[in-house]
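Contents: one structure, followed by commentary.
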Amino acid sequence: MKKILLCGAIASLFSLSTAQAENVTARPVNDFLESIGACVHVQHGQDASKMVDLLKYVGIRNVRDAADRNYDMSGLLLLHREVGVKVVIGPGSGARDEDLPATLVMAKQLHEAGALLAIEGPNEPNNFGGVTYQGENSNSVKSWMPVAKFQRDLYKAVKEDGQLKKYPVYSATEMGAQPDNVGLQFLVIPEGAGTLMPAGTRYADVLNVHNYMYHEAMWPGVHDNQIWSSADPTSECHIDGLYNNNGRTWGKKFAGYSNEQLTALPRVTTETGVRVGDSNGAVTEEVQANNYINLYLAQFKRGWSHTFIYEFLDDPDGSFGFYKIDYKTPRKASLYLHNLTTILTDKGKAAKGKDLSYSIKDQPVTTHDLLLQRNDGSFALIIWGERMTGSDAITLQLGKKCKEITCYDPTLGTEPTRKLDNTDNTTLTISDHPVILILK
């Protein structure tokens with residue numbers, strides 16, 4: 001049964017001192033909304049024209065696709081023209097020599113239309129036949145030197161191009177699989193790294209991983225804080241995350257960045273998601289939908305600038321999508337994301353974030369919070385839970401009384417569930433999804 005949000009003033013029941021509250025600096029609502037993305041397969045034959053209304057409905061602002069030998073940008077340009085989405089583009093899987101100049105041409109077409117977000121390196125060279133470059137294939141020679149040279153040369157070509165040099169280059173993905181230490185765990189190889197490529201070799205501006213939330217080999221089953229853990233950039237992450245690709249590679253344990261460095265470095269996720277039916281059926285549509293909205297929040301809170309869920313529409317890989325493969329049958333994930341982005345819709349771009357003083361009394365380890373600010377100066381405080389079962393009654397204490405608090409639950413709709421006036425505290429029931437408080 002859906003757990004209903006309980007939101008009410010209870011000053012008579014709690015006498016928390018305002019000294020317990022701490023100042024938190026808000027981030028602009030639009031920064032969060034701009035972080036939301038999904039993978040599409042327009043280059044694999046998905047009909048972009050049938051995706052326009054679906055993308056508008058859910059509020060996704062970015063898409064990620066890969067050429068995989070299809071260099072025609074007409075479908076992605078249509079999505080930008082009709083929806084306004086920005087595009088991450090790369091050579092895709094099985095990259096080879098001709099894909100490097102073709103990626104530059106594709107990127108320039110997107111740039112000229114105002115549609116380009118970033119340029120990505122090869123997709124998962126440990127899969128799909130590896131990378132073939134300058135006469136060598138990374139699988140056949142059991143070395144990732146072809147991957148390293150391709151990524152190095154792609155980066156150099158982008159940064160030497162007058163139109164493209166301002167765009168970020170994302171690293172290739174699954175760098176933890178390197179069979180030899182060519183240094184792809186780094187953005188720029190540092191002195192003393194002991195890599196086969198020389199110190200100073202530049203690969204990317206942004207670290208890029210596929211930190212899928214569920215991993216039957218590394219962390220089987222379903223768990224409390226499933227999403228929060230997958231977003232952890234450090235060695236505390238239970239799955240194939242940033243640390244296992246760029247801290248100490250999961251394949252051969254080559255050293256990369258420290259936990260402290262990983263926490264500070266620019267990073268994106270270009271694939272993450274879960275199928276309905278995974279983990280022996282434990283992932284229902286409801287679980288997937290809650291996971292997805294929690295995922296965007298957790299990733300943003302933990303420092304990921306963009307997150308792309310794999311994927312927007314189902315394909316032969318299974319039921320990952322917000323919609324089924326027929327372009328018309330929605331899953332709960334589409335409804336919940338629509339509600340989240342609709343509640344948070346903001347016009348304009350907020351100035352530098354202001355501080356709000358608040359605390360959560362005895363905050364459970366499965367309860368997380370994110371403070372955002374709208375252009376009109378009001379705050380959006382999002383509190384979400386990652387409990388597999390049960391719920392927690394929490395107390396939000398503000399540093400001073402708030403003139404108006406409006407409560408929302410994106411799993412119930414876009415209308416307020418409760419409004420409060422002139423109060424400095426409230427109770428919430430938190431379980432497995434977010435609640436949103438608009439404070440004025």
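The values are calculated or read from the model by the stated rules, or taken from the named source; none is laboratory data. Being a predicted model, the structure only gives us computed values, none of them experimental. As a convention, Cβ positions derive from the backbone with ideal geometry for all residues, glycine included, and neighbour counts pool all protein chains shown.
For the structure I just gave you, tell me whether Val52 is surrounded by fewer than 18 Cβ atoms within 10 Å (Cβ to Cβ) and among the aliphatic types (A, V, I, L, M).
For Val52, the condition - surrounded by fewer than 18 Cβ atoms within 10 Å (Cβ to Cβ) and among the aliphatic types (A, V, I, L, M) - is met.
Is segment 78-92 home to any residue that is in the same structural domain as Leu187 (by TED's automatic domain parsing), on the phi > 0 side of the Ramachandran plot and touching a residue at least 40 places away in the same chain (Cβ under 8 Å)?
Yes, segment 78-92 has at least one match.
Tell me whether segment 250-257 contains one or more residues that are closer than 23 Å to Gly385 by Cα, touching a residue at least 40 places away in the same chain (Cβ under 8 Å) and in contact with a strand residue (DSSP E or B) (Cβ under 9 Å, 6 or more places away or on another chain).
Checked segment 250-257: no residue is closer than 23 Å to Gly385 by Cα, touching a residue at least 40 places away in the same chain (Cβ under 8 Å) and in contact with a strand residue (DSSP E or B) (Cβ under 9 Å, 6 or more places away or on another chain).
Considering only segment 55-66, state which residues are surrounded by fewer than 22 Cβ atoms within 10 Å (Cβ to Cβ) and assigned to a loop (DSSP other than H, G, I, E, B).
Gly59, Arg61
Looking at (1) in a loop (DSSP other than H, G, I, E, B); (2) modelled with pLDDT of 95 or more, which one does Thr263 not meet, given that it meets all the others?
(1)
Given (1) in contact with a strand residue (DSSP E or B) (Cβ under 7 Å, 6 or more places away or on another chain); (2) not in a loop (DSSP other than H, G, I, E, B), where does Tyr243 come up short, assuming only one miss?
Unmet condition: (1).
For every residue, the table says whether it meets (1) at pLDDT below 95; (2) part of a loop (DSSP other than H, G, I, E, B); (3) within 18 Å of Gln261 (Cβ to Cβ).
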site: Tyr155; (1), (2), (3): no, no, no
site: Val158; (1), (2), (3): no, no, no
site: Asp161; (1), (2), (3): no, yes, no
site: Lys166; (1), (2), (3): no, yes, no
site: Thr173; (1), (2), (3): no, yes, no
site: Gly176; (1), (2), (3): no, no, yes
site: Asp180; (1), (2), (3): no, yes, no
site: Gln185; (1), (2), (3): no, yes, yes
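Out of Lys56, Lys50, Lys108, I need the residue that is within 21 Å of Asp153 (Cα to Cα) and basic (Lys, Arg). Which one?
Details: Lys56 fails: within 21 Å of Asp153 (Cα to Cα); Lys50 fails: within 21 Å of Asp153 (Cα to Cα).
Of Lys56, Lys50, Lys108, the one residue that is within 21 Å of Asp153 (Cα to Cα) and basic (Lys, Arg) is Lys108.
All but one of (1) within 27 Å of the chain's Cα centre (by Cα); (2) at pLDDT 95 or above hold for Gly348; state the number of the condition that does not hold.
For Gly348, the failing item is (2).
If you take the residues of segment 215-244 that are buried (at least 16 other Cβ atoms within 10 Å of the Cβ) and among the hydrophobic types (A, V, I, L, M, F, W, C), which of them is nearest to Gln299 (Cα to Cα)?
Ala231
Just to be sure I understand, how many residues within segment 105-148 are over 23 Å from the mean Cα position of the chain (by Cα), surrounded by 17 or more Cβ atoms within 10 Å (Cβ to Cβ) and of a type in the set (A, V, I, L, M)?
Here the count works out to 5.
Test of understanding: among Leu79, Leu117, Leu100, which residue is within 24 Å of Ser305 (Cβ to Cβ), touching a strand residue (DSSP E or B) at 6+ places or on another chain (Cβ under 9 Å) and assigned to a helix (DSSP H, G or I)?
Among Leu79, Leu117, Leu100, only Leu79 is within 24 Å of Ser305 (Cβ to Cβ), touching a strand residue (DSSP E or B) at 6+ places or on another chain (Cβ under 9 Å) and assigned to a helix (DSSP H, G or I).
When residues of segment 409-437 are filtered for being in contact with a Leu (Cβ under 8 Å, 6 or more places away or on another chain) and crowded, with 19+ Cβ neighbours inside 10 Å, how many remain?
Count: 10.
Which one of Cys39, Cys7 is at pLDDT 95 or above, surrounded by 16 or more Cβ atoms within 10 Å (Cβ to Cβ) and not aliphatic (A, V, I, L, M)?
Answer to the selection: Cys39.
Taking the residues in segment 168-206 that are hydrophobic (A, V, I, L, M, F, W, C), more than 18 Å from Pro91 (Cβ to Cβ) and touching a residue at least 60 places away in the same chain (Cβ under 8 Å) as candidates, determine which candidate is surrounded by the most Cβ atoms within 10 Å (Cβ to Cβ).
Going through the qualifying residues, I end up with Phe186.
Which of the residues that make up segment 237-260 are modelled with pLDDT of 95 or more and acidic (Asp, Glu)?
Glu260
Criterion first (surrounded by fewer than 24 Cβ atoms within 10 Å (Cβ to Cβ), at positive phi and not charged (D, E, K, R)) does Gly247 satisfy it?
No, not satisfied.
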